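Structure first, commentary second.
The values are calculated or read from the model by the stated rules, or taken from the named source; none is laboratory data. Since we're looking at a predicted model, the values are computed, not measured. Cβ sites come from the backbone with ideal geometry, for glycine too, and all protein chains shown count toward neighbours. Ligands, DNA and RNA are excluded from the accessible area calculation, which covers all protein heavy atoms including side chains. Shrake-Rupley method; radii C 1.70, N 1.55, O 1.52, S 1.80 Å.
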Amino acid sequence: MPNESVIDTSRLGRKRAARSVLKGRQADLRALAEVQALLGDSPRRRDLLIEFLHRIQDAHGCIAAAHIVALAQELHLAMTEVYEVATFYHHFDVVKEGEPTPPPITVRVCETLSCQMAGADALLSELSRLDGGKLRVLGAPCIGRCEHAPAAVVGRNPIDRASAQKIAAAVEAGRIEAEPPACIDFAEYRRAGGYRTLQACIAGERTVDSVLAELENSALRGLGGAGFPAGRKWRIVRAEAAPRLMAVNIDEGEPGTFKDRYYLERDPHRFLEGMLIAAWAVGIEAIYIYLRDEYAGCRAILTRELDALASDPPCPLPKIELRRGAGAYICGEESAMIESIEGKRGMPRLRPPYVAQVGLFGRPTLEHNMETLYWVREILERGADWFARQGRHGRKGLRSFSVSGRVEKPGVHLAPAGITARELIAEYCGGMLPGHEFYAYLPGGASGGILPASLGDVPLDFDTLQPHGCFIGSAAVIILSQHDRARDAALNLMRFFADESCGQCTPCRVGTEKAVGLMARKRWDEALLKDLSQAMADASICGLGQAAPNPIACVFKYFPQELDN
């Protein structure tokens, strides 16, 4: 212990003088003014961080270091908090001091499986010769336009069945904004009887118990991939203490999936009415709609139609906020989406607790895929029996199959649950393309596994594919022909998973990268890949790492002949 006689007590009891400047890096006044102008009178809340980053990105084409400092000051956050969020998402271009800003136009070419099969690699190679000063060309993960493969985006303007000529023409004309397609708007929807079912619920013509019973009897399950019974989920969240929130997941980043976009571009209010019925039944205080950033046209539609709904509401409405994703497949996972809505990196949470108990902002949260809510009004008006009897091969309900690949008519096909891949191709997709024979298929997008044509008669539904090492997920069906190889498809998918891993857990972050290297070799090391797959499946935090090995297992099980070539 020090001798008390040598302790200087002269400063005890004095107040520390105020600093003449703030501690740490100071915001550039010009950048601060620019940020303040972009934020306007918006509340300076942490959960709006990603929305504010979008404003800066949209206005300046990138996010400069000075803007990060200024935004951190405005939100009273540490610069590292803003920086780590901005650098987590693909669609934010963070430019460090001294680095050049990106060209004014970015062209993203989808290089995931359906687009690769349609010639995306050659398109990327051809585009690399275009003027690099005016634009940059990037390979991108699935952009949700698989039926129009190869697909690209010029700025925010999607280019279907893209070619170098189409893209060059769009760049030259400055067509970089998405044109929202024509859809059933608010006025037309109301004229056709829209929102009457919601009004009947509010008026007491339908009880909560009767609505819940109708949903349960219909066998409607979550159509985002998990397949949890919708009626049961409503009961679980309704039993939790108020206030309760709702988070609607429209971040359909699963390669091969585009059904949510399809319905939003045609009949958005059918979804919105189902959403509001769910909010009434569960007692929801506020709704957050999370839409993937790739869907700029859908964002324009929802912004316009939500404004119209609020201007002439059919009944009192809860607070509704439309939130914009920023390019992160992982945010399709419910807890990662919730983290993103809160203005954070989209990293999945450890569970329990589950989001139904502790979800958005720590409150009980009803999380739903958009298409699940889309069917609520139809089921209530036409009855649970109508929906349940639509199935085939002993299954119940309808499924919106996003079909792409080697078929004549790719697209969203509404078909009975339990239909087989062979029936789907023949009855809905116009058969295979000329010169192509049915060889293999992915029943549930990138993570749902790969099956051979010899198993093309397995009913496509929840619980029917698991015995074969696969699952239906969001019903994204990709058809391969004899001109394709399952091992090449599996490598493409693993590259996607490696690129989209959030990096939170080592089994997924390192495992996907290691798997890509092993799968790129001429001969696969079966023992090593199986050990790696087991570690990923057992120890990854969320479904990305747990399901990423599925294509590997399917290649070993069903396509061993490809491993010898």
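Tabulated results
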| item | result |
| --- | --- |
| Viscosity 1.002 mPa s, temperature 20 °C, Stokes-Einstein D of region 338-387 from Kirkwood C-alpha radius, µm²/s | 165 |
| Over region 210-332, relative contact order from alpha-carbon pairs under 8 Å, at least 6 apart, % | 28 |
| Probe 1.4 Å - accessible area at I236, Å² to nearest ten | 60 |
| Carbon + sulfur, % of accessible area of the chain - ligands and nucleic acids excluded, 1.4 Å | 50 |
| Positive dipole terminus of region 352-489, leading residue within A356, G473, L451 (C-beta point charges) | A356 |
| Spatially proximal lysines relative to K259 (Cα-Cα < 28 Å; intrachain offsets below 8 disregarded) | K166, K233, K319, K344, K396, K409 |
| Rg and Dmax of region 240-287, Cα atoms only, in Å | 13.1, 38 |
| Volume per residue of the C-alpha convex hull in region 484-565, rounded to whole Å³ | 77 |
| Region 424-565: translational diffusion in µm²/s, Stokes-Einstein, Kirkwood Rh over Cα pairs, 25 °C, 0.890 mPa s | 159 |
| Share of Cα-Cα pairs in region 408-497 lying beyond 21 Å, as whole percent | 25 |
| Largest to smallest accessible area among E214, E305, E99 [probe 1.4 Å] | E99, E214, E305 |
| Of the GluC sites (Glu not before Pro) in region 384-458, those whose Cβ has at most 15 other Cβ within 10 Å and which sit in DSSP loop | E408, E437 |
| T506 - accessible surface, heavy atoms, 1.4 Å probe, Å² rounded to 10 | 80 |
| Most to least accessible of K134, K259, K522, K319 (protein chains only, probe 1.4 Å) | K522, K319, K134, K259 |
| H483, H91, ranked by accessible area, largest first (probe 1.4 Å) | H483, H91 |
| Cα-centre dipole for the chain with unit charges at Cβ (Lys and Arg positive, Asp and Glu negative), debye to 20 | 920 |
| The chain, helix-only ellipticity at 222 nm - DSSP H runs n ≥ 4, -39,500 (n - 2.57), divided by all residues, nearest 500 | -11500 deg cm²/dmol |
| Relative contact order, percent, the chain [alpha-carbon distance under 8 Å, six or more residues apart] | 12 |
| Shape of region 208-358, Cα gyration tensor, a/c cut at 1.5 | rounded |
| Rounded, prolate or oblate (a/c below 1.5 giving rounded, otherwise prolate when a/b exceeds b/c) for region 254-320 by Cα gyration tensor | prolate |
| Contact order relative to length of region 100-199, as percent, for alpha carbon pairs under 8 angstrom and 6 or more apart | 27 |
| Surface/4 estimate of mean projected area, convex hull on alpha-carbon atoms of region 106-193, nm² | 6.7 |
| Accessible surface, the chain, averaged per residue in Å² (probe 1.4 Å) | 42 |
| Ratio of Rg to Rh over region 293-440 (Cα coordinates, Kirkwood Rh, two decimals) | 1.04 |
| Semi-axis lengths, Å, the chain, gyration tensor of Cα atoms, sqrt of 5 times eigenvalues | 39, 32, 26 |
| DSSP H segments from the chain that extend 18 Å or more along their own axis, Cα-based, with Kyte-Doolittle mean of -1.0 or above | 268-282, 296-311, 486-500, 506-519, 526-539 |
